[in-house]
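Asks: I have a structure I would like to understand better, so I am pasting it below and will then ask my questions one at a time.
The values are calculated or read from the model by the stated rules, or taken from the named source; none is laboratory data. Remember, it's a predicted structure, so these values are computed and weren't measured experimentally. FYI the Cβ positions are ideal-geometry reconstructions off the backbone, even for glycines, and counts take in every protein chain you see.
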Amino acid sequence: MIPGLELFPNHVSADHYVFPLTKLFGRAERRADKTNRSAVLRFGWSYEFPLKKLDAWPQWLETLREKLPHPCAAEHCAITLNEYRPGHAITPHIDSELFRENIQIVSVGAAAEMKFALGDATEEIKLVHGSVCVISGEARHKWTHEILPVPALRYSIVFRERT
C-alpha cells in the first residue's frame, strides 16, 4: 500500500445516502444530458483560489462528516459531491494544495477502481459502496490518482479541509 493511503471498506452505511444524492442531482431532469461529464455539487468552500464561502450543507452530510475516520473541522470543511454515470471517469491529478492533509472520499453506489501512479509505478484499489478512502502524505502529494470508467451509477462525497 502507498504511504498515506488508507482504505476503510464498509465504513459507513451508504444506503442512507442514495436517495438524498439522487434528489440533489435531479436525475429525472438529467437523463437527456449527452455531455458525458460527471455532475458536481459543492458545499462549504469553493475548490478554486481564492476560496469562497458557499452554501451550508444538508444535515445528512453533517452526520456523515462526523463518521469520517478523520473528521474535518466544520468551519473549514469543503464538500464536493460527484455523480458518475456509466462510462464516466476522472483523469489523473493531484488535489490542490489549498486544502490540508487528509482528503476523504466516501463511495456510494457502483464500485469504482481508483488508480494511483508515480512514474512507472501504479497501484489500483477498489472503492466499494460504503467505503472511505483517505489520501494523505506521499499518496496525496506525490502520486496522481484517477477514477477509471465506472460500470454503473456511482456517487462520491469528498471531504477536504481548507488551510
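Asks: Could you list, in sequence order, the residues of segment 1-29 that are modelled with pLDDT under 85 and assigned to a loop (DSSP other than H, G, I, E, B)?
Replies: 1, 26
Asks: Among the residues of segment 64-81, is there at least one that is within 14 Å of the chain's Cα centre (by Cα), under 19 Å from residue 159 (Cα atoms) and of a type in the set (Asp, Glu)?
Replies: No: zero hits.
Asks: Within segment 78-102, how many residues turn out to be touching a helix residue (DSSP H, G or I) at 6+ places or on another chain (Cβ under 7 Å) and crowded, with 21+ Cβ neighbours inside 10 Å?
Replies: Going through segment 78-102 one residue at a time, the tally reaches 3.
Asks: If you don't mind, there's one more thing I want to ask. Evaluate the following for residue 150: is it under 16 Å from the mean Cα position of the chain (by Cα) and under 23 Å from residue 60 (Cα atoms)?
Replies: No.
Asks: For residues that are surrounded by fewer than 22 Cβ atoms within 10 Å (Cβ to Cβ) and among the small types (Gly, Ala, Ser), scanning just segment 132-156, find the one that is farthest from residue 93 (Cα to Cα).
Replies: Within segment 132-156, the match that is farthest from residue 93 (Cα to Cα) is 152.
To keep it simple, each residue is scored yes or no on (1) touching a residue at least 60 places away in the same chain (Cβ under 8 Å); (2) in a strand (DSSP E or B).
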{"position": "70", "(1), (2)": "yes, no"}
{"position": "78", "(1), (2)": "yes, yes"}
{"position": "83", "(1), (2)": "yes, yes"}
{"position": "105", "(1), (2)": "no, yes"}
{"position": "138", "(1), (2)": "yes, no"}
{"position": "159", "(1), (2)": "yes, yes"}
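Asks: Something else about it: Taking the residues in segment 87-103 that are more than 27 Å from residue 13 (Cβ to Cβ) and outside any strand (DSSP E or B) as candidates, determine which candidate is modelled with the lowest pLDDT.
Replies: First, pick out the residues of segment 87-103 that are more than 27 Å from residue 13 (Cβ to Cβ): 87, 91-94, 96-98.
Filter once more, keeping what is outside any strand (DSSP E or B): 87, 94, 96-98.
Working: 87: 92, 94: 94, 96: 84, 97: 83, 98: 79.
Applying the filter and picking the extreme gives 98.
Asks: Next question, about the same structure. Does segment 42-68 hold any residues that are among the hydrophobic types (A, V, I, L, M, F, W, C) and either in a helix (DSSP H, G or I) or at pLDDT below 85 (or both), and which are they?
Replies: If the condition is that a residue be among the hydrophobic types (A, V, I, L, M, F, W, C) and either in a helix (DSSP H, G or I) or at pLDDT below 85 (or both), then 43, 45, 49, 51, 54, 56, 57, 60, 61, 64 are the ones that fit.
Asks: Further question: If I ask for residues that are more than 11 Å from residue 154 (Cα to Cα) and surrounded by 15 or more Cβ atoms within 10 Å (Cβ to Cβ), which ones from segment 118-129 would you list? So that I can check it myself, show each step before the final result.
Replies: Quick first cut of segment 118-129, residues more than 11 Å from residue 154 (Cα to Cα) only: 118-126.
Within segment 118-129, 123, 125 meet the criteria.
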